[in-house]
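Worksheet for the structure shown next.
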Amino acid sequence: QVQLVESGGGLVQTGGSLRLSCAASGRTFSGYAVGWFRQAPGKDRALVARISRSGLTTVYADSVKGRFTISVVNAKNTLYLQMNSLKPEDTAVYYCATAAGTYSGGSLSDYEYWGQGTQVTVSS
C-alpha cells in the first residue's frame, strides 16, 4: 500500500515562510514523477511544482517562481515544498502526489497517489 502523509501547513502572515513535507511509505519517490498541487475554494486543483520521472525537468507555476522550491530527499523518502514570501493568494489546500508507473508527470492524470492535503492560510 502506497501512502503519502503531508505536514507543515498552517497560518502565516504575508511575507512569511512555510515548509511542507510529504513522507512516502510503500514505495520510493525515486524513479517516479512527483508534484505539489493546490486547490483554493471554488477553484480547480492546479499545479504548483513538479519533478519529472527522469529527474531532469522541474516545473513551477508562474505564480510561485522564485518563491517556492520543490525538492526530494531520497534517503528520507520525503518530498518538500519550501514556500517563501507567501501571499494571500497562496491560500489553499496543498497536496503532494506521485505518478503511476512510468508516467512523466506532465499531466494531472499521471498522478496515482495523493496526500490527504494540508491547509495553508496566508493572512494579509
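In nm, what is the difference between 0.36 nm times the number of residues separating Lys76 and Gln119 and their Cα-Cα distance?
The span from Lys76 to Gln119 would gain 13.2 nm if fully extended.
Among Val12, Val64, Val73, whose mean-square fluctuation peaks in a Gaussian network model of the chain (Cα, cutoff 10 Å)?
Between Val12, Val64, Val73, it is Val73 that shows the largest mean-square fluctuation.
With each label point set 7 Å from Cα along the Cα-Cβ vector, what nm distance links Ala61 and Glu89?
Taking the simple label geometry, Ala61 and Glu89 are separated by 1.0 nm.
Any idea of Ser123's accessible area? Nearest 10 Å², probe 1.4 Å.
About 40 Å², ignoring ligands and nucleic acids.
Tell me the per residue accessible area of the chain using a 1.4 Å probe; a whole number in Å² is fine.
50
Using only the Cα atoms of the chain, what do you get for the radius of gyration and for Dmax, in Å?
13.5, 42
Out of Ala75, Ala100, Ala61, any idea which swings most in a Gaussian network model of the chain, alpha carbons joined below 10 Å?
Ala75
Please work out, to two decimal places, the log10 of the ratio I(q)/I(0) at q = 0.19, 0.26, 0.29, 0.33 Å⁻¹ from a Debye calculation in which every Cα of the range 40-84 carries one identical scatterer.
Treating every Cα as an identical point scatterer, log10 I(q)/I(0) equals -0.68, -1.04, -1.13, -1.21.
Can you tell me the dipole magnitude for the chain around its Cα centre, using point charges on the Cβ only (Lys, Arg +1; Asp, Glu -1), in Debye to the nearest 20?
Using only the charged Cβ atoms, the result is roughly 180 debye.
When the accessible area of the range 1-123 is split by element with a 1.4 Å probe, what percent falls to carbon and sulfur?
48
For Ala49, which sequence-distant residues (separation of 5 or more, or a different chain) have an amide H within less than 5 Å of its own amide H, given hydrogens modelled in the peptide plane?
When sequence neighbours closer than 5 places are left aside, the close amide H contacts are Trp36, Ala61.
Report the longest stretch of the chain that contains none of the trypsin sites (Lys or Arg not before Pro) sitting in a DSSP loop with at most 10 other Cβ atoms within 10 Å.
With a cap of 10 other Cβ atoms within 10 Å, the longest stretch comes to 66-124.
To make sure I understand the rule: partners must be lysines, Cα under 24 Å from the Cα of Lys65, and not fewer than 8 residues away in the same chain. Which ones qualify?
Result set, ordered by chain and number: Lys43, Lys87.
The values are calculated or read from the model by the stated rules, or taken from the named source; none is laboratory data. Just so we're clear, the structure is a prediction, and the values are computed from it rather than from any experiment. All Cβ positions, even for glycine, are placed from backbone atoms using ideal geometry, and neighbour counts span all protein chains on display. Accessible surface is based on the protein model in full, side chains and every heavy atom, while ligands, DNA and RNA are left aside. Shrake-Rupley method; radii C 1.70, N 1.55, O 1.52, S 1.80 Å.
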